[in-house]
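These notes are about the structure you will find just below.
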Amino acid sequence: MVEQVDVSERAAAIEYAIRDVVIPAIELEKQGHEIIRLNIGDPLAYEGFPTPDHMVAAYKQALDSQNNGYGPSYGLPALRQAIASAETGKGWPCSDDDVYVTHGVTEALQIIFAAFLDEGAKVLAPGPHYPPYMAYPQMYGATTVEYRLDPTDSWRIDFDDIRTKMDDSVRLLVLINPNNPTGNVATPAEIDALLDIASEYPRCTIIADEIYDGLDFTGQQCSVASRSNSVPVIVLNGVSKVYFAPGWRIGYMAWHDPDGRLNLVRDGVERLLRSRLCASTPAQNGYLAGLIDNHGWLDGHRSRIKERLEYCMTRIGEINGLECEAPSGAFYLFVRIKDESLASDKQWVLDLLHQHHVLVVHGSGFSPEFGAGHFRMVCLPPVEVLSEAFDRIDKFING
């Protein structure tokens, strides 16, 4: 028998629920089954959400003109300027030098964690949350502590829970706004309350993940950086969700550091960025076109998402055994399974997949503590596809 090479503990511990459930779905597809995929937040996988033509044209123009070379490690100057202008328009003084372009928000997170975290450090993130906030910090000897979002009150932030979990070892306090997977949108007053807590801990920086900011249905979403006069804030955003180009893998981090506390860690971030060369040059040109050209196209995309979201809420309300807090933003629904005998939401999801060929994601994959007993689904497919999916889910639950 061949002796196996040991895998590192950090790699073996990684889980990414959104894609992990795809593995059995692929096997079923190989057997000839048609799967309704409601698991991943990729608008391009569904009708009605194309990447805008002018952005695609700019990407192609970069290719046609052989603009394929290495770019600056921190991002193309014109793109950094456009991002800085967009962030300034959200209410805080962002300069080109505050912006760093990355391979999506996930790379930005990896770089931030590498620069901020050492053994014993903590990241305080909402529960439920986007899985990399749990997966990545442990690579650097840190731990993620989840603060509670209230499942009975539209998944609002539980500030008392945050206060009990804050201490001097918390280096990063995360706000995902709008939230993935719950769709909650934090109000300006809630953001101010979060900043007040963080202000008591001088080593703490806020990560403001605002990748879904253009998909807010409340009118209340606002930039965290725009509310902070002293607490450092790192804003995360990019091309994937609001510009409907997730495969381009272009994101950014924009640093708001009013008191200049982050000079040393920022030097570390810049060293890491230089060491990995640069983000895709053609894709950056495509994103630039999206930022500087007309945004009127977004109204149609947003309207279709809202219509499909409302349809999903209606159907969920009609199925005995399910309930859901209405999302205020993004394009997800975090649905509670009302089954007192439920032992495992992951097994429930796998049973639904194998028996009725609908793929959703188990809620515990977004938080073992605060997401268990739920599943996440996207509202992106056309209504006729969603209708068939809900018919199958209803049959699975109620026979």
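A few comments on the model shown:
- Pairs, first within 13 Å of Pro178 (Cβ to Cβ) in the range 327-352, second surrounded by 22 or more Cβ atoms within 10 Å (Cβ to Cβ) and among the hydroxyl-bearing types (Ser, Thr, Tyr), C-beta under 6 Å, six or more apart: Gly329/Tyr212; Ala330/Tyr212; Phe334/Thr182
- So Gly268, is it modelled with pLDDT of 95 or more, more than 26 Å from Gly48 (Cβ to Cβ) and not in a loop (DSSP other than H, G, I, E, B): yes
- Some residue of the range 226-235 being closer than 20 Å to His54 by Cβ and either assigned by TED's automatic domain parsing to the domain that holds Ala193 or buried (at least 24 other Cβ atoms within 10 Å of the Cβ) (or both): no
- Among the criteria (1) modelled with pLDDT of 95 or more; (2) in contact with a His (Cβ under 7 Å, 6 or more places away or on another chain), the one Phe244 does not fulfil is (1).
- Qualifying positions in the range 302-316 - more than 18 Å from Gly214 (Cα to Cα), of a type in the set (A, V, I, L, M) and either in contact (Cβ under 8 Å) with a residue 40 or more places away in the chain or not in a helix (DSSP H, G or I) (or both): Ile316
- The residue pairs whose first member lies in the range 234-259 and is closer than 14 Å to Thr88 by Cα, whose second member is of a type in the set (Lys, Arg) and not in a loop (DSSP other than H, G, I, E, B), and whose beta carbons are closer than 7 Å, counting only pairs six or more residues apart or on different chains, are Trp255/Arg266.
- The helices (runs of 4 or more DSSP H) found entirely in the range 5-100 that carry 1 or more residues being in the same structural domain as Asp257 (by TED's automatic domain parsing) and polar (S, T, N, Q) are 53-64, 77-88.
- The residue of the range 297-339 that is modelled with the lowest pLDDT, among those that are under 13 Å from His374 (Cβ atoms) and surrounded by fewer than 17 Cβ atoms within 10 Å (Cβ to Cβ), is Asp339.
- Ala279, sole failed condition from (1) of a type in the set (Gly, Ala, Ser); (2) surrounded by 20 or more Cβ atoms within 10 Å (Cβ to Cβ); (3) at positive phi: (3)
- Hits in the range 368-383 (condition: surrounded by fewer than 24 Cβ atoms within 10 Å (Cβ to Cβ) and in contact (Cβ under 8 Å) with a residue 24 or more places away in the chain): Glu369, Ala372, Gly373, Pro381, Pro382, Val383
- Number of the condition not met by Leu342 [criteria: (1) in contact with a Gly (Cβ under 9 Å, 6 or more places away or on another chain); (2) modelled with pLDDT of 95 or more; (3) assigned by TED's automatic domain parsing to the domain that holds Pro381; (4) not hydroxyl-bearing (Ser, Thr, Tyr)]: (2)
The values are calculated or read from the model by the stated rules, or taken from the named source; none is laboratory data. If you're wondering where the values come from, they're calculated on a predicted model, not measured in any experiment. For neighbour counting, all protein chains shown are included, and Cβ atoms are generated from backbone atoms with ideal geometry for every residue, glycine included.
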